[in-house]
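The structure under discussion appears below in the form of structure tokens.
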Amino acid sequence: MTTKPIVTRFAPSPTGALHVGGARTALFAWAYARQHKGRFILRIEDTDQKRSSPESTKGILRDMQWLGLRWDEGPNHAADDPYANQLGANGPYFQSQRLDIYTKHINQLIEAGLAYEDDGAIRFRMDKDVTFCDEVFGEMKIAAADLEDFVIRKADGFPTFHMAVVIDDALMGVTHVIRGQEHLNNTSKHVALLDALGFERPTYVHLSSILNPDGSKMSKRDKAKVARKAAKDAKLTSVGFDDDAFAAFLDKKNDEMKFALAIAEQLNLDLPEINVADFRDSGYIPAALLNYLALLGWNPGDDIEQFDLDFLIQQFGFDRIGKSNSKFDRAKLLSFNSDAISKLDTGTFSMLLGQQLVAHHPEYTDLVNDPPRFAMFCLAYQPRAHTLDEVADMGRFFIIHNSEVQYNADDKQVKKNLLKNNCEGLRTLADFATELEQLTPFSGEDAHNLIKRYCEEREMNMGKVAQPLRIAISGTVVTPDIALTLDIMGKKDTLLRIMRCLDAFSAQMEVTAE
């Protein structure tokens, strides 16, 4: 007796970016196929000609590759030419290239009297009770009286989703259809079509929805909602182009992303991360995102939360998929990502951070291309980073010109560490600078030892020097370890920034000296 090989699929529509909900579906389908040494298919459902685009297709492929979810059959893995040299014998894997296949089966239904023409479209007759079983939601029964005939081919000659997905799953040998709960109501149509065409039914597994913390569904429209509210609060009437369409955007008549992005740029607004690309651009690690997504609807048991893909492949099963919707907790994902970053080896972290900075913060390019200095920069920030992109903000003081460092006399830490007790911190800083200037050769470790010796000789806490020094270098007291900070900054720029800090507060020092 032979066992039928397991075949799963992920079938996104290229009408936009890959949503994290879709990524979770792909992850579960991929993991189940890998667990059973089966095949994982990526199929592009592009029959919506008005909304589908090659750019979206390429974006989905890039996101899948970034996540590490490689497919056995489907478009070419090379995202620059996904339509060429498709992988697998069951293709093509673009529905727009399979019209003859759909037409053949639609004609079969018409000839059998199971489908009919209606205003240029073709409808399928739903005149029987339908029963099917879902691995998560159990047995579902729908009476014929509650069912309606539905369109299987549109007037434009393209099949509807219902027809195409059924034919593709059957001909590609898909054994397990894993998809979002929003398709549960469609399954009665799909099994009716399968039965009418004489195809074997696959096993259905529907996943509960992913919600925002407020209980609303996590949707691609969330960005538009946030941007629209911010624009209204700020009383924006234009973003500099297409004013009529922008007015319609504000009036909730469209959710065009170009307006959300323009509003975000104009108002310095952070839009919510919704798509895989958003999290990649924000500096998340694929392993952390996948780990967190796996917990949205699936429970590994034994209070286990952090695990790798090998664990998921070994432990994944439908029996631990829950019916309840899951809330997307960004704070928890951020914690997962921080842990994932801390566990990277130094070489991998350096590579990933360098790629992130050059791609999204090109002003860091010179630092990235200075291997010794960048290695110290990575050493300083790997333990502190929640995301790769966060490092760009934390370490910016290292790459700006000395004249761009800002000192705020009203800042609580400046008052405490520089201005308190008749500018005690500033005077200590000025005195220490004379000794730092004589330090040769210069290194962060040597400078740290100098601070220690200087403070011991004067019976003062090292913070009396280190904190004013941090403020002089960065404008704040928040920097990495002082030795690493001085190593990255170097002697020349450290002394220049000390002088600039002293100049910035020269008036206060003159007043206290009188």
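The values are calculated or read from the model by the stated rules, or taken from the named source; none is laboratory data. Here the structure is a predicted model, which means the values were calculated and not measured. Backbone-built Cβ (ideal geometry, glycine too); neighbour counts: all protein chains shown.
Residue count for the range 46-76, restricted to those that are surrounded by fewer than 15 Cβ atoms within 10 Å (Cβ to Cβ) and in contact with a Leu (Cβ under 8 Å, 6 or more places away or on another chain): 1. Considering each residue of the range 78-89 in turn, none proves to be buried (at least 20 other Cβ atoms within 10 Å of the Cβ), at pLDDT 95 or above and not β-branched (Val, Ile, Thr). Scanning the range 90-112 for residues that are out of contact with any Gly (no Cβ under 6 Å at 6 or more places or on another chain), assigned to a loop (DSSP other than H, G, I, E, B) and not polar (S, T, N, Q) returns GLY91, PRO92, ARG98, ALA112. Within the set PHE28, PHE94, PHE40, PHE10, the sole residue that is farther than 29 Å from SER208 by Cβ and buried (at least 17 other Cβ atoms within 10 Å of the Cβ) turns out to be PHE94.
Which of the residues belonging to the range 364-396 are over 17 Å from SER474 (Cα atoms) and either among the acidic types (Asp, Glu) or in contact with a Pro (Cβ under 6 Å, 6 or more places away or on another chain) (or both)? ASP366, ASP370, ASP389 - these are the residues of the range 364-396 that are over 17 Å from SER474 (Cα atoms) and either among the acidic types (Asp, Glu) or in contact with a Pro (Cβ under 6 Å, 6 or more places away or on another chain) (or both). Here the range 47-91 is the region considered, the condition is being free of Cβ contacts under 8 Å to residues at least 60 places away in the same chain and β-branched (Val, Ile, Thr), and the residue that is farthest from HIS19 (Cα to Cα) is THR57. Identify, by number, the condition in (1) loosely packed, with under 14 Cβ neighbours inside 10 Å; (2) closer than 15 Å to LEU67 by Cβ; (3) small (Gly, Ala, Ser) that ALA287 doesn't meet. Unmet for ALA287, out of (1) loosely packed, with under 14 Cβ neighbours inside 10 Å; (2) closer than 15 Å to LEU67 by Cβ; (3) small (Gly, Ala, Ser): (1).
When ALA224, ALA196, ALA248, ALA288 are checked against the criterion of being in contact with an Asp or Glu (Cβ under 8 Å, 6 or more places away or on another chain) and more than 30 Å from LEU309 (Cα to Cα), ALA224 stands alone in meeting it. Residue-level analysis places PRO92 outside the set of residues that are touching a helix residue (DSSP H, G or I) at 6+ places or on another chain (Cβ under 8 Å) and of a type outside the set (Gly, Ala, Ser). Being under 26 Å from HIS36 (Cβ atoms) and buried (at least 21 other Cβ atoms within 10 Å of the Cβ) is a condition met by at least one residue of the range 194-204.
Being under 20 Å from GLY283 (Cα atoms), out of contact with any strand residue (DSSP E or B) (no Cβ under 8 Å at 6 or more places or on another chain) and of a type in the set (A, V, I, L, M) is a condition met by no residue of the range 429-451. Of all the criteria given as (1) farther than 30 Å from ILE285 by Cβ; (2) of a type in the set (Gly, Ala, Ser); (3) part of a helix (DSSP H, G or I), the one not satisfied by ALA409 is (3).
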